[in-house]
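What follows is a set of notes on a single structure, which appears directly below.
Quick note: the coordinates plus some simple rules give every number you see, no bench work behind them. This one's a predicted model, so the numbers in the text were calculated from it and none came from an experiment. Heads up, the Cβs are rebuilt from the backbone with ideal geometry, glycines too, and the neighbour counts pull from every protein chain shown.
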Amino acid sequence: EAGVAQSPRYKIIEKRQSVAFWCNPISGHATLYWYQQILGQGPKLLIQFQNNGVVDDSQLPKDRFSAERLKGVDSTLKIQPAKLEDSAVYLCASGTSGGRGQYFGPGTRLTVT
Amino acid sequence: GNSVTQMEGPVTLSEEAFLTINCTYTATGYPSLFWYVQYPGEGLQLLLKATKADDKGSNKGFEATYRKETTSFHLEKGSVQVSDSAVYFCALSDLSAGGTSYGKLTFGQGTILTVHP
């Protein structure tokens, strides 16, 4: 079974530039999550989709971050404009409902200079 | 709100030593509990889980028991190996909101484990 795919793996941009990350979840997983993991901390949920609808985006900085999940499959997370404090690893995860755990992709390491 | 607290790290052990990483949680409902591991340069991997009180999760020699009375889920291993060196995260998933949370995970801050030969 293929795992969660993410791209790119690494990205370096200057502040005020924009960037987009892509995620393809495990086939059949209705729930998709984007987490932000700042160095030395645990991941923090940014947004959660159930199929193509948003379930929770309470921690998403909506003035600069946006995400979509068209057709209930893959998803894109965008930052525009980026700030220095956005430097982090962005993790995508997928799972089924019922609290059985999530499966994580390898992450995208973003460095904002 | 929900929260997870892990013991402060880093933890440094010699090979074959006994490992305990403490984890306690606060949740409004009846959470499922997880341990995730992040090896150097890799993504998060589910190590083990427990979905109700007194359940024991186990995998790769690691164990953790869901203790509702002490709100704890401590990770243990009887004999660690160099290959166990990684960052370990305790997490919970709370379905108390009528099942609509869809498994949102709340993580602890992570504990770095280094095992020396």
Worksheet item: Label points 7 Å out from Cα along the Cβ direction at B:Ser83 and B:Thr71: separation in nm?
Response: 3.7 nm
Response to the item:
In this structure, among A:Lys71/B:Lys60; A:Lys62/B:Lys104; A:Lys62/B:Lys49, pairs with alpha-carbon gaps over 26 Å are A:Lys71/B:Lys60; A:Lys62/B:Lys49
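Relative contact order for region A:37-94: what percent, with Cα pairs under 8 Å and sequence separation of 6 or more? Numbers along the way, then the final one.
On the way: 66 pairs, mean separation 18.5, N = 58.
For region A:37-94, the relative contact order is 32 percent.
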Worksheet entry | Given charges at Cβ of Lys, Arg, Asp, Glu: the protein assembly as shown dipole, positive-most of A:Gln80, B:Thr111, A:Phe49 | A:Gln80
Fill in: Cβ-based exposure ranking for A:Thr96, A:Thr113, A:Thr31, in which fewest neighbours within 10 Å come first
A:Thr113, A:Thr96, A:Thr31
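I'd like the FRET efficiency for A:Val73 and B:Thr28, computed as 1/(1 + (r/R0)^6) with the beta carbon distance as r and R0 of 25 Å, rounded to 0.05.
On the way: r = 32 Å, r/R0 = 1.28.
Between A:Val73 and B:Thr28 the formula returns 0.20.
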Worksheet item: Relative contact order of chain A: what whole-number percent is it, with Cα pairs under 8 angstrom and at least 6 residues apart?
Response: 37 percent
Practice prompt. Enter the mean number of other protein chain beta carbons within 10 Å of the beta carbon of each residue in A:45-58, as an integer.
Written response: 2
Discussion item. Can you tell me which aspartates and glutamates have their Cα less than 18 Å from the Cα of B:Lys52? Leave out same-chain residues fewer than eight positions away.
Written reply: B:Glu63, B:Glu69, B:Asp94
Discussion item. Just want the answer: with Cβ charges of +1 for Lys and Arg and -1 for Asp and Glu, which residue in B:Ala64, B:Gly78, B:Leu19 is farthest toward the dipole's positive end in chain B?
Written reply: B:Ala64
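Within 10 Å of each Cβ in A:102-111, how many Cβ atoms from other chains are there, averaged over the peptide?
Details: counts 9, 4, 8, 2, 4, 4, 0, 0, 0, 0.
Mean shielding count: 3.
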Item to complete: Please work out the Cα center distance from region B:5-76 to region A:1-78, rounded to the nearest Å.
Response: 26 Å
